[in-house]
Amino acid sequence: MWKIRKSLILLNIVAKYIQFNFGSGKLMAYAIETPLDVQPTDVPAIIELLRQLYGGLSKEPTQMDVHSTIMSCRVAFARHESGIVGMARLVTFERFGTRGAWFEDVVVFQHMRRQGIASALVHKLEEIAAELGVSSLQLLTFKDRPEANGFWQSLGYELRTDRVIRRKML
């Protein structure tokens, strides 16, 4: 028998996660899916999530751009009754026999935040990373994003100050 608390209850049902949030007083359910569950009608929502994350895009992505972006790595999507409401990507690499990964494009629509969706996306990708034999997970976020930095810290990701990031635009 389930005890319902004012928190998220995670159910593992046929390789999908169904989340219920009772904290807001409303029943809100969403599923964490893989790219195989994404439909062509989901592309506009995915593009809008990327716009929200990056504050605009240099060019208007096509359906093919979205397809190649989500098929180039491991991706998890959060679907609510209204459609795709969040996404996260996991990019893996191998170095001297050790497998690592980093997170990319972890984003949830503004109006759907603070309901556990991003945490569920990250946990799903952490589970996939473990299955792939990944030994460390990394991510990059900007210093001036306190919400994002607090989110990652709450999930146990430690701040590293021993690295310098350099970039060259081509």
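Whenever a residue of the stretch 84-101 is without any contact (Cβ under 8 Å) to a residue 40 or more places away in the chain and on the phi < 0 side of the Ramachandran plot, its partners that are surrounded by fewer than 15 Cβ atoms within 10 Å (Cβ to Cβ) and not basic (Lys, Arg), lying with C-beta atoms within less than 6 angstrom and at least six residues away or across chains, give the pairs Thr98/Ser135; Arg99/Gly133; Gly100/Phe93; Gly100/Ser136.
Just checking, which of Arg113, Arg79, Arg74, Arg95 is surrounded by fewer than 17 Cβ atoms within 10 Å (Cβ to Cβ) and either in contact with a Phe, Trp or Tyr (Cβ under 6 Å, 6 or more places away or on another chain) or farther than 21 Å from Arg145 by Cα (or both)?
Working: Arg113 fails: either in contact with a Phe, Trp or Tyr (Cβ under 6 Å, 6 or more places away or on another chain) or farther than 21 Å from Arg145 by Cα (or both); Arg79 fails: surrounded by fewer than 17 Cβ atoms within 10 Å (Cβ to Cβ); Arg74 fails: surrounded by fewer than 17 Cβ atoms within 10 Å (Cβ to Cβ).
Answer to the selection: Arg95.
Consider Val107 against the criteria (1) surrounded by 18 or more Cβ atoms within 10 Å (Cβ to Cβ); (2) farther than 21 Å from Tyr54 by Cα: it satisfies all of them except one. Which criterion is unmet? The single condition Val107 does not satisfy is (2).
Suppose the filter is aliphatic (A, V, I, L, M) and part of a strand (DSSP E or B); does Ala76 pass it? Yes: the conditions hold for Ala76.
Across the stretch 55-71, which residue is modelled with the lowest pLDDT among those that are more than 15 Å from the chain's Cα centre (by Cα) and among the hydroxyl-bearing types (Ser, Thr, Tyr)? If we take residues in the stretch 55-71 being more than 15 Å from the chain's Cα centre (by Cα) and among the hydroxyl-bearing types (Ser, Thr, Tyr), then Ser58 is modelled with the lowest pLDDT.
Exactly one residue out of Phe142, Phe103, Phe151, Phe93 is assigned to a helix (DSSP H, G or I) and aromatic (Phe, Trp, Tyr): that is Phe151.
Here is the figure for the stretch 116-170: residues that are modelled with pLDDT of 90 or more and of a type in the set (Lys, Arg) total 1.
The values are calculated or read from the model by the stated rules, or taken from the named source; none is laboratory data. The shown structure was predicted, so the numbers you read here are calculated from the model rather than taken from an experiment. Please note: Cβ atoms are built from the backbone with ideal geometry, for glycine as well, and neighbour counts cover all protein chains shown.
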